[in-house]
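Below is one structure, written out as structure tokens, with a few remarks after it.
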Amino acid sequence: MVDTDGETCDLLVESPQAGRIQYVAAGAVSFYASALFKALLIETRGLTTATYGSILGNVLHRTDPATGLPNAVVLPEDLVAGGVPEDRATVLAEALTECIQAGIVELVGPALLIRMVTAGRLRLQVVEGASGNPLPNARVEVTGDFIAFANVGSGCPGQGDAIELEDGRIVCETNSEGRVTFVLLGTQSLDSTPVMVSVTSADASQSAQMAAAIVPPATVDITIMTAPTL
């Protein structure tokens, strides 16, 4: 018989920054998910009553009752649902929570925890339809049911990068290659949030509109082709 004693934190030896992950919040949640997956893979002894995906979803949706903010804890019932015996689940849940707190939360601060749970990235390539060339300096507006959270990096992609930012609306500009990345805070992790993307070229001669979605903490890539403005 084997267990994860002494191995619970081996996936979290280095911080997400040390791994040179481009989007730190998404990197953090992948560490979180990997540690939970390994624990369930090794520790399961009985029948499961929930899938790994649903267990991870419950963990990521958990909030602190006092503050309403995301709370990085694994509860014994999460592990029991994955087939871990109750007595072992109590010990393991405490170890996993300690591991996650030390490996992620204490290293990067509570602001990242909010982003790691609710931040989704919408990465756009804007091209001019007639020529297929990148469209630089285009104004891109995204609207939808997301939260404007400037102090934890809502923007394109960093804090303060947005031209305009409010709940449900953000405006950014494409770079010289016609690209722009939005970091948007959805209301729930793992839930799809529909958004509408509107593009207008710098000289207002080209425009486009397209429906898309963010799914925190994933990155969604889309290409938008503009057409002459009527």
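The values are calculated or read from the model by the stated rules, or taken from the named source; none is laboratory data. Just so it is clear, the structure is predicted and the values come from calculations on it, not from any experiment. Cβ sites come from the backbone with ideal geometry, for glycine too, and all protein chains shown count toward neighbours. For the accessible areas, the whole protein counts, side chains as well, though only heavy atoms, and no ligand, DNA or RNA atoms are used. Shrake-Rupley method; radii C 1.70, N 1.55, O 1.52, S 1.80 Å.
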The correct count of residues that are closer than 19 Å to D221 by Cβ, polar (S, T, N, Q) and either open to solvent by less than 30 Å² (accessible area, probe 1.4 Å) or modelled with pLDDT of 95 or more (or both) in the stretch 167-200 is 4
Counting only residues in the stretch 201-230 that are of a type in the set (S, T, N, Q), assigned to a loop (DSSP other than H, G, I, E, B) and modelled with pLDDT of 90 or more, the one surrounded by the fewest Cβ atoms within 10 Å (Cβ to Cβ) is identified as S205
Going through the stretch 32-75 in order, the residues found to be modelled with pLDDT under 75, open to solvent by less than 50 Å² (accessible area, probe 1.4 Å) and not small (G, A, S) are P70
Pairing a residue in the stretch 165-185 that is more than 24 Å from M225 (Cβ to Cβ) with any residue that is in a loop (DSSP other than H, G, I, E, B) and open to solvent by 70 Å² or more (accessible area, probe 1.4 Å), where Cβ atoms lie under 8 Å and the two sit 6 or more apart in sequence or on different chains, gives G168/D145
